[in-house]
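Asks: Take this structure, written in structure tokens, and hold onto it; I'll ask about it next.
The values are calculated or read from the model by the stated rules, or taken from the named source; none is laboratory data. Remember, predicted model here, so these are calculated numbers, not experimental data. We place every Cβ from the backbone using ideal geometry, glycine too, and count neighbours over all the protein chains shown. Accessible surface is based on the protein model in full, side chains and every heavy atom, while ligands, DNA and RNA are left aside. Shrake-Rupley method; radii C 1.70, N 1.55, O 1.52, S 1.80 Å.
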Amino acid sequence: MAFDIDMIKAVYARMGERVNAARKVLNKPMTLTEKILYTHLDAGAASEEFERSNSYVDFKPDRVAMQDATAQMALLQFMQAGKKKVAVPSTAHADHLILAKLGADTDLQDSINKNNEVFNFLSSVCDKYGIGFWKPGSGIIHQVVLENYAFPGGMMIGTDSHTVNAGGLGMVAIGVGGADAVDVMADMPWELKFPKLIGVKLTGKLNGWTSAKDVILKVAGILTVKGGTGAIVEYFGEGAKSLSCTGKGTICNMGAEIGATTSTFGYDDSMRRYLAATGRADVVALADEVADHLTGDDEVYANPEQYFDQVIEINLDELTPHLNGPFTPDLATPVSEMKEKAAANDWPTEIEWALIGSCTNSSYEDLTRAASIVDDAFNKGVKPVSKLGINPGSEQVRFTAERDGLFDTFRRFESVSIFTNACGPCIGQWDREGADKQEKNSIIHSFNRNFSKRADGNPNTHAFVTSPEMVAAVAISGDLGFNPITDTLTNSKGEQVKLAEPTGMELPEEGFDVADNGFQAPAEDGSGIDINVAVDSKRLQLLNPFLEWDGKNINGAKLLIKAFGKCTTDHISMAGPWLKYRGHLDNISENCLIGAVNAFGKATNEVVNQLNGEKGPVPTTARAYKTAGIPSIVVGDHNYGEGSSREHAAMEPRHLGVCAVVVKSFARIHETNLKKQGMLGLTFAIEADYDKILEDDTFNFSDLDGFAPGNQLTLEVIHADGSKDGIKLNHTYNAQQIGWFRAGSALNMIRKSIA
Ligand code: MIC
Ligand code: SF4
């Protein structure tokens, strides 16, 4: 039986009535996205039409998921909200804090030893507040959610940007910061600007070396890392139906890399098969009763241009394998062009490490397709060149794959590491030998992100994203430019052989199996459970509420840093070695913006303290301004805060006295996180004004006392020579969000409303 089946029943029971109410209001055929959104309004049945990209809407999601690295902050905030239990089914997953070094056998226990305090904290908070806890080794949050919790037509939020993975099972699943999760767990409405809709029509059928991953690698190339901002992407067409459910998950997963709010697919047979195989025939029976509401209307898919704001068409028959990277997931290169492009750009072509796994590509099907390539190579006498690392997505997948001999196939590599069912190298939890030498090198992986330093901390590692089967093929050849469709390899007899096309199994023939899935159910009544956080803990720190705004204009602010070029959440609050401080705001603030490139001097973590003219690290300089009682601001480029949902990227600057972040444009989750934490997240009305900001300027917000929805704000910039610029700033704050700013944070508002 599925978890929380009563909740799913209730969602389906009201679906028909609510879709009909929405139909009346919209008076036109509906997309799947609209059906899900309009059936999850906080107000109940729809009574008005919302304007895409404009209306702020209150939703009531069905469930919440959190992972260990973000759950700490989410739960520390939830503890302040004064509630006894979470209002909707919620889970926390121990997956990000586990380091990959030698292999699961030793790594898992080592990580449990090192993170004991945090895992115990999470386990007892979950127990107390009625949250399911998936213990270390149980798997990566998004695979576990797909296997156990996702259901067609449902709506969920999760404190991780790849929560969107659950779109593979027809959900609207959205990545958020911890403060948003607190809203939903505390039974408050959850607000989102009504998204615009991008339709992707898939025709044809995947064949040969092409996989579901290539669909999203191609889409990322078309839309770029910010092309999906503010949009939900809905996939449809015969091609969509022909994809496996986990393949759909892969596509939705990497929708985070184009900035999309989420992506989704209509309910179909692939979902029925997957639900049944993962022990949820009961969900299939319920979903079948409302199947019409779990997909877009026929008229929509027949004339998508009339119903979506943008339509992209991809013919799967013609799609070829892609490799995206390095350093950004939207730099898409078809495999046939890689040789040339790598040479032209001086990308190292020797592949030292090949990695399969991450929440994007660690399903049973992924493993079988990659294993088929390895099998074929060995049968033809070809010895693999690169080292191989694998992170299975869940204990269920690992157990089943081991049973079916898939790992025996991978173990034929001379150097292979089967890491824990966890994020591992995908988030810098990888103790890669020699990475500290910072040598220029290339790796290939089936993950979703490849920002600088992400996997191993080395800024010179060029990481390329591709499908698991391509990772296997490239690993065997050891050459980034290898094209398995046309190129041959030399076998042990000196013959030239070609690798056969991958073959895989969508689902295990003998069904999934698992001995211990790693789930811990919460206590029925957790009221007697005490949560203790040691005052001298290095890992956990209870939160102090941020101060309210004093109602005055902010004057005399200094520039902390003007970030140059790409500034992702990895640049603002690095992961890897810093993940250990995710529950301790003051300690983690020591990584604040240390990865951002300073526009003045182009160095990282080196800015001038305007109080004494000395160069110093960003966090130290911020603390110096704060101690002196001087507010500071951060200036940035386009898509500032791209990537993760980690609210630390907003809380750290706030904690260090930054009052405003002024950029050309924001990534969605980060912009909301700034607002939630009581910061000013503003954009230049004229982009070129970015160039007017000088290192030694002083800033006054001269009309903040008139801060209102739709009003521009003015930033008075006083240059060192006494000259001035008046810069107009736009914002997207509505009245409620201005309330968060005034109160010091959204949480302060919740606390007030409960008190
Ligand atoms: C990521 O893939 O960047 C992460 C690590 O999963 C983050 C969450 C985090 O920073 O803890 C995400 O994607 O939101
Ligand atoms: Fe974990 Fe990587 Fe997925 Fe983030 S993208 S949840 S770090 S596996």
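Asks: The conditions are (1) surrounded by fewer than 24 Cβ atoms within 10 Å (Cβ to Cβ); (2) farther than 14 Å from F151 by Cα, and V219 fails exactly one of them. Which is it?
Replies: Only one criterion is unmet by V219, namely (1).
Asks: Within segment 226-273, restricting attention to residues that are charged (D, E, K, R) and surrounded by 24 or more Cβ atoms within 10 Å (Cβ to Cβ), which residue is nearest to ligand 2 (Cβ to nearest atom)?
Replies: E257
Asks: On to the next question. Which of the residues that make up segment 654-668 are part of a helix (DSSP H, G or I) and either touching a Gly at 6+ places or on another chain (Cβ under 6 Å) or more than 16 Å from ligand 1 (Cβ to nearest atom) (or both)?
Replies: Scanning segment 654-668 gives R654, H655.
Asks: Now for a separate question. Does segment 286-294 include one or more residues that are more than 19 Å from I8 (Cα to Cα), open to solvent by less than 20 Å² (accessible area, probe 1.4 Å) and at pLDDT 95 or above?
Replies: Within segment 286-294, none of the residues are more than 19 Å from I8 (Cα to Cα), open to solvent by less than 20 Å² (accessible area, probe 1.4 Å) and at pLDDT 95 or above.
Asks: I would also like to ask the following. Quick one: in segment 718-745, of everything that is open to solvent by 30 Å² or more (accessible area, probe 1.4 Å) and free of Cβ contacts under 8 Å to residues at least 12 places away in the same chain, which residue is nearest to K676 (Cα to Cα)?
Replies: Going through the qualifying residues, I end up with K724.
Asks: In addition: Quick check, is G526 over 30 Å from L694 (Cβ atoms), open to solvent by less than 60 Å² (accessible area, probe 1.4 Å), assigned to a loop (DSSP other than H, G, I, E, B) and without any contact (Cβ under 8 Å) to a residue 12 or more places away in the chain?
Replies: Considered against the rule, which asks whether it is over 30 Å from L694 (Cβ atoms), open to solvent by less than 60 Å² (accessible area, probe 1.4 Å), assigned to a loop (DSSP other than H, G, I, E, B) and without any contact (Cβ under 8 Å) to a residue 12 or more places away in the chain, G526 comes out as no.
Asks: Can you tell me which residue among L202, L197, L192, L206 is out of contact with any strand residue (DSSP E or B) (no Cβ under 9 Å at 6 or more places or on another chain) and either in a strand (DSSP E or B) or farther than 19 Å from F59 by Cβ (or both)?
Replies: Testing whether each residue is out of contact with any strand residue (DSSP E or B) (no Cβ under 9 Å at 6 or more places or on another chain) and either in a strand (DSSP E or B) or farther than 19 Å from F59 by Cβ (or both) leaves just L206.
Asks: Given the conditions (1) buried (at least 22 other Cβ atoms within 10 Å of the Cβ); (2) of a type in the set (A, V, I, L, M, F, W, C); (3) farther than 22 Å from T261 by Cα; (4) touching a helix residue (DSSP H, G or I) at 6+ places or on another chain (Cβ under 6 Å), which single one is not true for F701?
Replies: It is condition (4) that F701 fails.
Asks: Follow-up question, since we're still on this one. Residues that are within 16 Å of ligand 2 (Cβ to nearest atom) and open to solvent by 30 Å² or more (accessible area, probe 1.4 Å): list the helices (runs of 4 or more DSSP H) wholly contained in segment 341-413 that include at least 1 such residues.
Replies: 395-403
Asks: Check V635, V608 and return the single one that is surrounded by 21 or more Cβ atoms within 10 Å (Cβ to Cβ), away from ligand 1 (no atom under 16 Å from the Cβ) and on the phi < 0 side of the Ramachandran plot.
Replies: V635
Asks: Any chance segment 563-582 includes a residue that's surrounded by 14 or more Cβ atoms within 10 Å (Cβ to Cβ), more than 16 Å from ligand 1 (Cβ to nearest atom) and over 18 Å from A94 (Cα atoms)?
Replies: Checked segment 563-582: at least one residue is surrounded by 14 or more Cβ atoms within 10 Å (Cβ to Cβ), more than 16 Å from ligand 1 (Cβ to nearest atom) and over 18 Å from A94 (Cα atoms).
Asks: Being open to solvent by less than 20 Å² (accessible area, probe 1.4 Å) and either within 16 Å of ligand 2 (Cβ to nearest atom) or modelled with pLDDT of 95 or more (or both) is the requirement here; does G428 meet it?
Replies: yes
Asks: Among the residues of segment 645-658, is there at least one that is of a type in the set (S, T, N, Q), in contact with a strand residue (DSSP E or B) (Cβ under 7 Å, 6 or more places away or on another chain) and more than 16 Å from ligand 2 (Cβ to nearest atom)?
Replies: No, there is no match, as no residue in segment 645-658 is of a type in the set (S, T, N, Q), in contact with a strand residue (DSSP E or B) (Cβ under 7 Å, 6 or more places away or on another chain) and more than 16 Å from ligand 2 (Cβ to nearest atom).
Asks: Could I ask something else about it? Test G526 against the criterion of being closer than 24 Å to A332 by Cα and among the small types (G, A, S), and give yes or no.
Replies: So G526 fails the test.
Asks: Under the condition of being aliphatic (A, V, I, L, M), within 16 Å of ligand 1 (Cβ to nearest atom) and out of contact with any Cys (no Cβ under 7 Å at 6 or more places or on another chain), which residue from segment 116-140 is farthest from C252 (Cα to Cα)?
Replies: If we take residues in segment 116-140 being aliphatic (A, V, I, L, M), within 16 Å of ligand 1 (Cβ to nearest atom) and out of contact with any Cys (no Cβ under 7 Å at 6 or more places or on another chain), then V118 is farthest from C252 (Cα to Cα).
Asks: Going by what's in this entry, would A92 be described as small (G, A, S), crowded, with 23+ Cβ neighbours inside 10 Å and assigned to a helix (DSSP H, G or I)?
Replies: Spelling it out, it is not the case that A92 is small (G, A, S), crowded, with 23+ Cβ neighbours inside 10 Å and assigned to a helix (DSSP H, G or I).
Asks: Could you tell me whether A708 is closer than 23 Å to N591 by Cα and in contact (Cβ under 8 Å) with a residue 24 or more places away in the chain?
Replies: no
Asks: Before we move on, is I727 on the phi < 0 side of the Ramachandran plot and out of contact with any Phe, Trp or Tyr (no Cβ under 8 Å at 6 or more places or on another chain)?
Replies: no
Matching residues to (1) part of a loop (DSSP other than H, G, I, E, B); (2) of a type outside the set (K, R); (3) over 23 Å from the mean Cα position of the chain (by Cα); (4) closer than 15 Å to A575 by Cβ:
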| residue | (1), (2), (3), (4) |
| --- | --- |
| E439 | yes, yes, yes, no |
| K453 | yes, no, no, yes |
| N458 | yes, yes, no, yes |
| A472 | no, yes, yes, no |
| A475 | no, yes, yes, no |
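Asks: Return the total of residues in segment 60-83 being part of a loop (DSSP other than H, G, I, E, B) and either surrounded by 23 or more Cβ atoms within 10 Å (Cβ to Cβ) or modelled with pLDDT of 95 or more (or both).
Replies: Within segment 60-83, residues that are part of a loop (DSSP other than H, G, I, E, B) and either surrounded by 23 or more Cβ atoms within 10 Å (Cβ to Cβ) or modelled with pLDDT of 95 or more (or both) number 3.
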